[in-house]
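Visitor: Got a structure for you, written out below as structure tokens; questions coming shortly.
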């Protein structure tokens, strides 16, 4: 099977020839090029080259395009970033332009368009280049910040949570603006032929609780997901986050996420039970810090344990959290061999 056939079978609940291997390759891609993440994050050609270098090195079953995947939209709306030149540092947000004791007038918050002063078009261009190169054989995803996480970065975490508690109408008004940008950016990535990953890094437990997730993450992400599903024939859009999603799994399914990333800190059995029989891919993730450290005793045990738990699941895929810049490529290849050896092959249940 081609990678694209493998993932299509898993989504449809048909058993593929083997469980797909889907590590998260972001800042690790620049390392394969001998470049720094900051440099690659501001050049569409290099961003595409980094994603393709990962695919050519690991032959994984799903390719992601992006570096600082949670920053691009917030930066375009006014957050300032710190870049790190040729070093291994990942660009990070250092200002929150809407922070302060009083919420902003959301109607005055402008929705940016792609241009030289932001990277909205750059990411879409990189996605198009990768789709043109390998889109016939593998799913390609463009990565972006979700509406809730954009609002947190603009307003600051503390101030936005206070808005949710004391001024919910102001919080929803700002979410309307970030959702507009998210929908527009998701459509740009989709027009390039890529699937859409909405990263809600600020939306996970323990940063917020399930009621906040239900009212401030689910409805807005679902609007973006439905716009993509209705307008484009691309890989299924998904809401992605780390942390313990055990108490959020029903809400992720309510948001119509096409893929659920079950972090190593989550209750895999609970998440698995909720995903059974649904048109959704379940990615079981191994701790990427242990992969960087080469803790093979832990990794061998973790892979064997997850293989037992996932036995009989046609919609399971292997994965990791974000593979670090410093993780040796030979470790990723060895980890892939572990996963493929532990999983079923064609004809096995």
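The values are calculated or read from the model by the stated rules, or taken from the named source; none is laboratory data. All values derive from a computational prediction rather than experimental measurement. Cβ sites come from the backbone with ideal geometry, for glycine too, and all protein chains shown count toward neighbours.
Visitor: Would you mind stating whether residue 31 is farther than 26 Å from residue 186 by Cβ and modelled with pLDDT under 95?
Guide: It is false that residue 31 is farther than 26 Å from residue 186 by Cβ and modelled with pLDDT under 95.
Visitor: Can I ask one more? May I ask you to say which residue of 239, 228 is part of a helix (DSSP H, G or I), under 17 Å from the mean Cα position of the chain (by Cα), within 27 Å of residue 106 (Cα to Cα) and in contact (Cβ under 8 Å) with a residue 24 or more places away in the chain? Working first, answer last.
Guide: On the way: 239 fails: part of a helix (DSSP H, G or I).
After applying the criteria, what remains is 228.
Visitor: With the checklist (1) surrounded by fewer than 23 Cβ atoms within 10 Å (Cβ to Cβ); (2) touching a helix residue (DSSP H, G or I) at 6+ places or on another chain (Cβ under 6 Å); (3) at pLDDT 95 or above in hand, flag the one item residue 174 doesn't pass.
Guide: So residue 174 meets the others, but not (1).
Visitor: Would you confirm whether or not the range 162-178 contains a residue that is in contact with a strand residue (DSSP E or B) (Cβ under 7 Å, 6 or more places away or on another chain) and either in contact (Cβ under 8 Å) with a residue 40 or more places away in the chain or farther than 30 Å from residue 128 by Cβ (or both)? Can you show your working first?
Guide: At the first step, the residues of the range 162-178 found to be in contact with a strand residue (DSSP E or B) (Cβ under 7 Å, 6 or more places away or on another chain) are none.
The answer is no; no qualifying residue exists.
Visitor: Tally time: how many residues in the range 108-165 are under 20 Å from the mean Cα position of the chain (by Cα) and not in a helix (DSSP H, G or I)?
Guide: Of the residues in that region, 11 qualify.
Visitor: In the range 36-47, how many are more than 14 Å from residue 85 (Cβ to Cβ) and either at pLDDT below 95 or surrounded by 24 or more Cβ atoms within 10 Å (Cβ to Cβ) (or both)?
Guide: Number of matching residues: 1.
Visitor: Considering only the range 200-236, state which residues are farther than 16 Å from residue 175 by Cβ and in contact with a strand residue (DSSP E or B) (Cβ under 6 Å, 6 or more places away or on another chain).
Guide: 228, 234, 235 - these are the residues of the range 200-236 that are farther than 16 Å from residue 175 by Cβ and in contact with a strand residue (DSSP E or B) (Cβ under 6 Å, 6 or more places away or on another chain).
Visitor: State whether one or more residues within the range 318-330 are part of a helix (DSSP H, G or I) and surrounded by 14 or more Cβ atoms within 10 Å (Cβ to Cβ).
Guide: yes
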